[in-house]
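Here's the structure, in structure tokens; my notes come after.
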Amino acid sequence: MSASGLKTTQFSVLVHVHVQALPMMQLASLLGAERTTLTRNLKPLADAGWLTVTPGDDPRQRIVTITEAGRDKVRHARRAWRAAQDEMASLMGADALLALHGDLALAQSKLDSLENGDGA
């Protein structure tokens, strides 16, 4: 991802808002981040002109929207992400990589349950 000039966390933010503009609270939830952490992480992306944060219908709400420059950045970064995924598949084998993704998804689900007080 470094070739694209983005950190993986920044890429993740841009990919999420690439699909649709999102309220900050919803974006924070999707990313598994605290709102204050997200606010801090959005600043360099907004400063670079890749996204905007504007008031929503409710004055307390902020909407995160990708810009055309941000869309261009995502297109460029996706090539780097895809190359990294292909390299991992080549190193590990497709089945092992698929298993790793499943294990990570399961671990994230368990952590989400604990965070939400649902038990393990």
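Each reported figure results from applying straightforward, stated rules to the coordinates on display, with no laboratory input. Every value quoted in this text rests on a predicted model; they were computed, and no experiment measured them. Counting neighbours? That spans all protein chains shown, and the Cβs are built from the backbone with ideal geometry, glycine included.
Full-extension gain between residue 16 and residue 109, please, as 0.36 nm times their residue separation minus the C-alpha to C-alpha distance.
31.6 nm
Comparing 22, 30, 42 in a Gaussian network model of the chain, where Cα atoms under 10 Å apart are tied by springs, the biggest mean-square fluctuation is seen for 30. Ellipticity at 222 nm from helices only: DSSP H runs of n ≥ 4 in the chain, each -39500 (n - 2.57), divided by the residue count, give -22000 deg cm²/dmol.
Using 0.36 nm per residue and subtracting the Cα-Cα separation, the extra length available between residue 80 and residue 60 on full extension is 3.6 nm. Pick from 97, 38, 27: which residue has the top mean-square fluctuation in a GNM of the chain where Cα pairs under 10 Å get a spring? Taking springs between Cα atoms under 10 Å, the residue moving most is 97.
Within the listed set 56, 102, 70, the Gaussian network model of the chain (springs between alpha-carbon atoms below 10 Å) gives the highest mean-square fluctuation for 102. Computing FRET efficiency as 1/(1 + (r/R0)^6) for residue 92 and residue 47, where r is the C-beta to C-beta distance and R0 is 35 Å, gives about 0.45.
When Rg and the Kirkwood radius Rh are both evaluated on Cα atoms of the range 52-114, their ratio Rg/Rh stands at 1.19. With the alpha-carbon atoms of the chain aligned to their principal axes, the span from lowest to highest coordinate is 48, 40, 20 Å, starting with the largest.
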